[in-house]
Amino acid sequence: MKTICFYFQIHQPFRLKRYRFFDIGNDHYYYDDFSNESILQGVAERSFLPANKLLLEMIEANKGKLKVSFSISGVALDQLEMHAPEVLDSFRQLAKTDCVEFLAETYAHSLSSLKDAEEFKSQVELHSKRIESLFGKKPKVFRNTELIYSDEIGQMVAEMGYKTIITEGAKHILGWKSPNFVYQSAVNPHVKLLLKNSKLSDDISFRFSNHGWDGYPLTADKFIDWIKSIPENEQLVNLFMNYETFGMQPRETGIFDFLKALPKFAEQKGITFSTPSEVAAKLKPVEALPVPYPISWADEERDVSAWLGNALQQEAFNKIYSQADRVRKTKNRLLMQDWLYLQTSDHFFYMSTKRSSDGALHQHFSPYESPFEAFTNYMNVVSDFCKRVDAQYPSSVGNEELHSLLTTIENQELTIQKLECEIKQLKSKPVKPKAAPKK
């Protein structure tokens, strides 16, 4: 019996305002509040709210047989909380059905897994706690930013306690193999890998409303027939896509009607729906899948060149992570918040200099006129950020010396707290009156 595993990504970056060279050292607020709020509210109204309403109705109508999963970045959660809290309420309603699974990822939707293991672990822990506090569900399955994965990343994730990872079914990794099986990590056999079926996922996300596509129009019964025609031994079809697929392709295209009709035709063909955790529990891996170099679901190459493919991107990437050791020592809340938001992968995505269809996609999502403008604006912001970090922890002080000084300060604070506690205890003890002297 075949099962469909739906996974939806929800992410919105904190876009930067136009930040000039002369702002460095004078203006410490970096974000385009108007764009961030208007874009988020537009997406919420056009996509998130109607899609969540439809999913809730579908789950109730199908008596819990429909299952889906979401990965919502921490920066998206922050913006939803500020600008569209009703979306979070609708996700809470979905969470109560027990038919929706929330996945773990990096809080900042960052590339930290490629650069800084400590930061990577910290962000995953922060994100997991936020998901549990908002929806009452502790994530059990991990998906990295943009499905980035390698053997090394898989081992880091395993050490965090996750035993299932979602990633891309990249052709250059699979070769002749099918993505419609559960695989296992080549370096840790206890970690299961669920791979995106790129063709069927992209049929919905990118080709659904394309009148020039030979599969147009795509109807629910046709799509389910395609899944049914997959060889019998291939029991799993992972459909992974951006949640804005429902809304970015307008309602007039029939995308919401398509989604609504899927469970009916799936049931007729004996096809079920499962969450990633259910898939991992039911199906055994067929073999190990070596992934020596990072893969992702982006661009034709399915690697990390969408974010780190040119010198501009690499310079910006290295610059922000050069501050990691010092930033982690700070207790300044605003500095820590900016540190997270400046790591978001979109900033590097906008700097891509690719051409053809991939280049058009990068430019479509970019708020900048050119990759160079994106780079210049980001580096101006990072320069100011570095000045703020340096003001707290001067770069003239080496990391070892700084660590020693901070350890001394921390120990002094602990000693002061201990002494204050002892003083309180002494003050709380009743004072025995002195006996009157004998005459």
Rounded to the nearest 20 debye, what is the charge dipole size of the chain about its Cα centre when +1 sits on each Lys and Arg Cβ and -1 on each Asp and Glu Cβ? 2180 debye
May I ask you to compute the full-extension gain from residue 209 to residue 225, defined as 0.36 nm times their residue separation minus their alpha-carbon distance, rounded to one decimal in nm? 3.9 nm
Could you give the accessible area per residue of the chain, probe 1.4 Å, as a whole number in Å²? 49 Å²
For the chain, using Cα atoms only, the Rg and Dmax in Å read 25.4, 115
Anchor residue 2: aspartates and glutamates whose Cα lies under 16 Å away (excluding residues fewer than 8 positions away in-chain): 221, 225, 232, 234, 267, 278
So, in Å, what gap is there between the alpha-carbon centers of segment 10-68 and segment 108-127? 21 Å
Pairs of lysine residues in segment 169-226 - Cα separation under 15 Å, sequence separation of 8 or more or cross-chain: 5
Hey, what did the chain get for relative contact order, percent, Cα under 8 Å, at least 6 apart? 20 percent
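Pop the C-beta distance of residue 233 and residue 329 into the FRET formula with R0 = 60 Å and round what comes out to the nearest 0.05. Numbers along the way, then the final one.
Details: r = 53 Å, r/R0 = 0.89.
E(calc), rounded to 0.05, equals 0.65.
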When the convex hull of its Cα atoms is projected in every direction, mean area for segment 300-382 (nm²): 5.7 nm²
According to a simple spin-label model (label point 7 Å from Cα along Cα-to-Cβ), what is the distance in nm between residue 293 and residue 1? 4.2 nm
Per DSSP helix of 4 or more residues, -39500 (n - 2.57); summed, then divided by the residues of the chain. What does that give at 222 nm, rounded to the nearest 500? -14500 deg cm²/dmol
How much FRET efficiency would the formula 1/(1 + (r/R0)^6) give for residue 357 and residue 417, where r is the Cβ-Cβ distance and R0 is 60 Å, rounded to 0.05? 0.50
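The values are calculated or read from the model by the stated rules, or taken from the named source; none is laboratory data. Only a predicted model underlies this, so the values are computations on that prediction, with no experimental measurement involved. All Cβ positions, glycine included, derive from the backbone under ideal geometry; neighbour counts span all protein chains shown. When the accessible area is computed, the model is the full protein with side chains, heavy atoms only, and any ligands, DNA or RNA have been set aside. Shrake-Rupley method; radii C 1.70, N 1.55, O 1.52, S 1.80 Å.
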